[in-house]
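The values are calculated or read from the model by the stated rules, or taken from the named source; none is laboratory data. Since this is a predicted model, take the numbers as computed values, not measurements. When we count neighbours, we look across all protein chains shown, and the Cβ atoms used for this are built from the backbone with ideal geometry, even at glycine. Please note that ligands, DNA and RNA were not included when accessible areas were found on the heavy atoms of the full protein model with its side chains. Shrake-Rupley method; radii C 1.70, N 1.55, O 1.52, S 1.80 Å.
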Amino acid sequence: MTIVQIIEGPLWYIAAAVFVIGALWRIIGILRLGRRTDLSVPRSAAFPGAVKALFRHMLPHYGFFNRTKLHVFAGYLFHIGLFVVLFFAAPHVAFLKEHVLGFGWEAMPHWAFIVSAQAAFAGLILLWFRRIADPTMRQISDADDHIGSWLTFIAMLTGCLALQESNASLRALHMLTVEIWLIYFPFSRLMHAFTFVLSRGYTGIVYGRRGVTP
Amino acid sequence: MTAAKAVQAFVDTVDAAAASYMEACVHCGQCARACHFYETNDDPRLTPIYKLQPLVKAYKRHKAPFSGLRRMLGLVPAEVTEDELNEWSDLVYDTCNMCGRCTLVCPMGIDIAAMVRKVREGFVAAGIVPEGLTGAADRAINIGSPLGIKPETLRKIVNEQVEEVGIPVELDKEGADYLVILSAMEILNFYEVIGALARIFKQAGVSWTISTEAYEATNIGIQMGDKEIARTLVGRIVDAAEKLKVKYVISPECGHAYSALKWEGPNLVGRPYSFKVVHILELLDQLQREGRIRTRGKDARRVTYHDPCQIVRRGGLVSQPRSILNSVSDGFVEMKNAGVANICCGGGGGVSSNPRAEDYRIRAFASKKKQIDDLQGVEALVTSCANCRNVIEEAIDAYGMDLPVLGLTELLAEYLEPDGGGEPAKPAEA
Ligand code: HEM
Ligand code: HEM
Ligand code: HEM
Ligand code: SF4
Ligand code: SF4
């Protein structure tokens, strides 16, 4: 088997398995710790509070708009760009259809692919510069933050290299970085893509019972 | 050894909610934008999430998913040391009001205030607690009040108020509908609230009493993170209320007392109460809506309202104080970010009982001061927490400002329609 074949064959399955099992394990590991039932008398129901909080924290409270706008802008630029590339770029749609889901959807045109890839790069670079430039960000950052950002960056970069869709080894390189990214994901802060549901939800439960969802 | 106790407490206190907070944080630093201590100190250490570091380290080392695997690979954080705990003490006790404002901007919705409480539990286990707080706790446990108010003192102050307003107050009355508890600061500094309640309740026809066994609403155990003390103090109120067979306990104009009794109390004593807990603002608002409180005239001054964090953001009482205030004021203006996003006075979460934190507290008030200054001239500040009131008065002195601070209940009582017994209401100022 050639390296390319390994990357496109067994390694892919291993990476996918680590990703799925690891992420599930981590989420179950958190939920398993449980929570004592709250005996206080609620002012209003907990569940709607949880749902509200899930959406509410998509944006900071409006009173903070001025203090947070740059960060929120870069954050959304990166995440929306990445999301669109991941799920609507033609090669990704094709891959998801063939290898993961068994069904596909309309892919976006090539120019939109490029624009959203640029948005994702610009956003991620801004976020990362902020992380290394701002003393507060340096204070709270650890290796995981940087590794996560860099792995994502490299996966995106090799994706751009693979754009020509002609050179097998460049395609395999993208595939390889994506596999490393998938294996790193469940053990890292990249898990925030899933755990945000839990943290927002729990806070929503607490506040929902109190009748406010700030 | 000391550190080991803290670590054990940290590990024990982490439930699924706390774990999900620590797992979800993306180290984005947004929370710093909301914290008045960060804003007024220019010190990256004061970033809210950073205040949790000892707890996060202990969790990652001992309890997080994959921590076993990581330990084998040497990928867990080092054990928390005593030096580290001492180093974090000012972050945990002096520069967090557990006000919950940081949660408003956190993209992950992390309840940092609740987490700081958990960190404090570890500090209590290790015995690393500022003296101001342990002293207050001793007085609360041994004397019955963090400010050392004895039952005799309470009797004396209630009697003075009875004479002042000419309405009898029956202490320890069995079968009353409502049990009023007070905060130490009210009994010592703002005792007029007792007369104000007597007059309001007389007009509204409310049957009420004060217990000489449990008159203290504040709960230093909640503030310092000591569950045992918190349980004992809540237990006193529960026992007194059940002994007097009241239907309701009225939580006074005090922020954390409401959280302690209403939201945490049943979980501390381990069972639901046989009575209901109602906040004084909720009750006054309800009585007003039922037409049982009648006021005459309105205060013409330009006033604003300071929302105590534990009542508004962490208590859910947003509209009630506003409708009460509007009923007696013609000149009520809101601060920017009033309501759930309001800035703490700087004294919440035990900071005001902690002399070591005084500089931080006064500096933090600059954020509040800015909110007030932005209104370009208010003649009085109304609030509904005796602790906020005291902290704000001290800070106003420190900043050389000239601004009277009023309690909402007393303001309402000033404008009651006269009905025998009570003083005639003051006419509205022109
Ligand atoms: C596959 C999906 C995702 C990937 C690869 C990803 C990747 C990243 C990376 C690398 C960062 C760090 C940027 C930095 O250097 O500061 C980050 C930050 C962040 N992510 Fe994600 N993320 C994903 C999904 C999500 C989702 C679903 C949410 C929320 C609902 C989310 C919310 C955030 C937030 C709030 C931040 C921090 C804010 C910031 O620095 O802008 N992410 N993400
Ligand atoms: C982070 C950011 C960027 C990314 C990820 C990016 C990516 C790309 C990619 C993948 C292409 C090739 C399009 C294709 O093959 O059809 C491209 C083309 C191009 N990019 Fe960028 N780019 C970025 C920033 C920029 C910037 C800042 C400029 C200009 C100031 C720029 C100017 C161009 C131009 C002029 C082309 C057209 C080349 C052609 O038509 O063949 N790009 N970019
Ligand atoms: C700017 C970002 C990205 C660009 C421009 C990009 C581009 C591409 C291209 C052109 C292909 C087709 C390769 C081929 O089969 O001919 C591809 C495949 C793929 N990409 Fe991306 N990609 C990007 C980011 C990502 C990220 C972040 C992930 C995952 C985390 C990812 C996952 C995959 C996967 C699984 C395939 C299928 C591999 C294959 O069929 O060979 N891509 N990508
Ligand atoms: S709870 Fe309040 S005081 Fe504490 S860190 Fe958050 S914003 Fe700052
Ligand atoms: S705002 Fe929330 S996610 Fe961001 S660093 Fe603070 S606690 Fe973590």
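Mind listing whichever residues of the range A:166-214 are open to solvent by less than 40 Å² (accessible area, probe 1.4 Å), free of Cβ contacts under 8 Å to residues at least 24 places away in the same chain and outside any helix (DSSP H, G or I)?
A:Val212 - this is the single residue of the range A:166-214 that is open to solvent by less than 40 Å² (accessible area, probe 1.4 Å), free of Cβ contacts under 8 Å to residues at least 24 places away in the same chain and outside any helix (DSSP H, G or I).
For residues in the range B:314-328 being surrounded by fewer than 23 Cβ atoms within 10 Å (Cβ to Cβ) and in contact (Cβ under 8 Å) with a residue 60 or more places away in the chain, which is nearest to the other protein chains (Cβ to nearest Cβ)?
Per the criteria, the residue is B:Leu325.
From the list B:Ala338, B:Ala386, B:Ala380, which one is more than 15 Å from B:Phe37 (Cα to Cα), under 16 Å from the mean Cα position of the chain (by Cα) and away from ligand 2 (no atom under 16 Å from the Cβ)?
Matching residue, one of B:Ala338, B:Ala386, B:Ala380: B:Ala386.
Of the numbered conditions (1) surrounded by fewer than 23 Cβ atoms within 10 Å (Cβ to Cβ); (2) in the same structural domain as B:Ala18 (by TED's automatic domain parsing), B:Cys99 fails exactly one; give the number of that condition.
(1)
Any residue in the range B:72-83 that is closer than 29 Å to A:Tyr76 by Cβ and either within 15 Å of ligand 5 (Cβ to nearest atom) or open to solvent by 10 Å² or more (accessible area, probe 1.4 Å) (or both)?
No, the range B:72-83 contains no residue that is closer than 29 Å to A:Tyr76 by Cβ and either within 15 Å of ligand 5 (Cβ to nearest atom) or open to solvent by 10 Å² or more (accessible area, probe 1.4 Å) (or both).
Please return the ranges of strands (runs of 3 or more DSSP E) entirely within the range B:233-341 where 2 or more residues are more than 23 Å from B:Leu406 (Cβ to Cβ).
Here the list reads B:248-251, B:276-279.
In the range A:71-112, how many residues are among the aromatic types (Phe, Trp, Tyr), within 12 Å of ligand 2 (Cβ to nearest atom) and under 18 Å from the mean Cα position of the chain (by Cα)?
Kept after step one, since they are among the aromatic types (Phe, Trp, Tyr), are these residues of the range A:71-112: A:73, A:76, A:78, A:83, A:87-88, A:95, A:103, A:105, A:111.
If we keep only those that are within 12 Å of ligand 2 (Cβ to nearest atom) as well, we get A:78, A:111.
Remaining after also requiring under 18 Å from the mean Cα position of the chain (by Cα): A:78.
Matching residues across the range A:71-112 total 1.
Would you mind stating whether B:Val269 is hydrophobic (A, V, I, L, M, F, W, C), over 19 Å from the mean Cα position of the chain (by Cα) and surrounded by fewer than 19 Cβ atoms within 10 Å (Cβ to Cβ)?
When the stated conditions are applied, B:Val269 passes them.
Between a residue in the range A:33-52 that is farther than 12 Å from A:Tyr207 by Cβ and any residue that is part of a loop (DSSP other than H, G, I, E, B) and open to solvent by 60 Å² or more (accessible area, probe 1.4 Å), which pairs come within a Cβ distance under 9 Å, given they are 6 or more apart or on different chains?
A:Leu39/B:Arg271; A:Leu39/B:Pro272; A:Ser40/B:Pro272; A:Val41/B:Pro272
Which residue out of B:Tyr21, B:Tyr93, B:Tyr38 is crowded, with 24+ Cβ neighbours inside 10 Å and without any contact (Cβ under 8 Å) to a residue 40 or more places away in the chain?
B:Tyr38
So that you can scan it fast, the table gives a plain yes or no per residue for (1) closer than 30 Å to B:Ser67 by Cα; (2) away from ligand 1 (no atom under 14 Å from the Cβ); (3) out of contact with any helix residue (DSSP H, G or I) (no Cβ under 7 Å at 6 or more places or on another chain); (4) not hydroxyl-bearing (Ser, Thr, Tyr):
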site: A:Leu86; (1), (2), (3), (4): no, no, no, yes
site: A:Val93; (1), (2), (3), (4): no, yes, yes, yes
site: A:Ile114; (1), (2), (3), (4): no, yes, yes, yes
site: A:Ala143; (1), (2), (3), (4): yes, no, yes, yes
site: A:Ala155; (1), (2), (3), (4): yes, no, no, yes
site: A:Leu161; (1), (2), (3), (4): no, yes, no, yes
site: A:Leu170; (1), (2), (3), (4): no, yes, no, yes
site: A:Leu173; (1), (2), (3), (4): no, yes, no, yes
site: A:Trp181; (1), (2), (3), (4): yes, no, no, yes
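Hey, any hits in the range B:409-421 for a residue that's in contact (Cβ under 8 Å) with a residue 60 or more places away in the chain, of a type outside the set (Phe, Trp, Tyr) and in contact with a Phe, Trp or Tyr (Cβ under 9 Å, 6 or more places away or on another chain)?
yes
What are the residues in the range B:342-362 that are assigned to a loop (DSSP other than H, G, I, E, B) and at negative phi, if any?
B:Asn342, B:Ile343, B:Cys344, B:Cys345, B:Gly347, B:Gly348, B:Asn354
Any residue at all in the range B:125-148 that is modelled with pLDDT under 90 and crowded, with 22+ Cβ neighbours inside 10 Å?
So far as the range B:125-148 goes, yes, one or more of its residues are modelled with pLDDT under 90 and crowded, with 22+ Cβ neighbours inside 10 Å.
Go through (1) touching a strand residue (DSSP E or B) at 6+ places or on another chain (Cβ under 9 Å); (2) at pLDDT 90 or above; (3) crowded, with 20+ Cβ neighbours inside 10 Å one by one and return the number of the condition B:Asp172 breaks.
It is condition (3) that B:Asp172 fails.
Only one residue in A:Ile205, A:Ile132 is away from ligand 3 (no atom under 15 Å from the Cβ) and within 12 Å of another protein chain (Cβ to nearest Cβ), so which one is that?
Working: A:Ile132 fails: within 12 Å of another protein chain (Cβ to nearest Cβ).
The unique qualifying residue is A:Ile205.
Quick one: in the range B:1-18, which of the residues that are open to solvent by 40 Å² or more (accessible area, probe 1.4 Å) and either in contact with a strand residue (DSSP E or B) (Cβ under 9 Å, 6 or more places away or on another chain) or hydrophobic (A, V, I, L, M, F, W, C) (or both) is farthest from A:Gly201 (Cα to Cα)?
In this case the residue turns out to be B:Met1.
B:Glu186 - would you say it is open to solvent by 30 Å² or more (accessible area, probe 1.4 Å) and more than 14 Å from chain A (Cβ to nearest Cβ)? Don't jump to the end; show me each part of the working.
On the way: open to solvent by 30 Å² or more (accessible area, probe 1.4 Å): no; more than 14 Å from chain A (Cβ to nearest Cβ): yes.
In short, no.
Going by the structure shown, is B:Glu79 touching a residue at least 12 places away in the same chain (Cβ under 8 Å), outside any loop (DSSP other than H, G, I, E, B) and more than 15 Å from ligand 4 (Cβ to nearest atom)?
Numbers: touching a residue at least 12 places away in the same chain (Cβ under 8 Å): yes; outside any loop (DSSP other than H, G, I, E, B): no; more than 15 Å from ligand 4 (Cβ to nearest atom): yes.
Answer is no for this residue.
Mind checking which residues of the range B:155-193 are more than 19 Å from the chain's Cα centre (by Cα) and under 17 Å from B:Leu283 (Cβ atoms)? Don't jump to the end; show me each part of the working.
Residues of the range B:155-193 that are more than 19 Å from the chain's Cα centre (by Cα), as a first pass: B:155-179, B:192.
Selection gives B:Val169, B:Ala176, B:Asp177, B:Tyr178, B:Leu179.
Out of B:Ile293, B:Ile237, report the one residue that is aliphatic (A, V, I, L, M) and closer than 22 Å to B:Leu154 by Cα.
B:Ile237
Given the criterion within 13 Å of ligand 1 (Cβ to nearest atom), under 16 Å from B:Pro107 (Cα atoms) and within 14 Å of another protein chain (Cβ to nearest Cβ), identify the matching residue among A:Gly148, A:Gly75, A:Gly63.
A:Gly75
Suppose the filter is outside the structural domain of B:Gly255 (by TED's automatic domain parsing) and near ligand 4 (Cβ under 10 Å from one of its atoms); does B:Cys28 pass it?
It is false that B:Cys28 is outside the structural domain of B:Gly255 (by TED's automatic domain parsing) and near ligand 4 (Cβ under 10 Å from one of its atoms).
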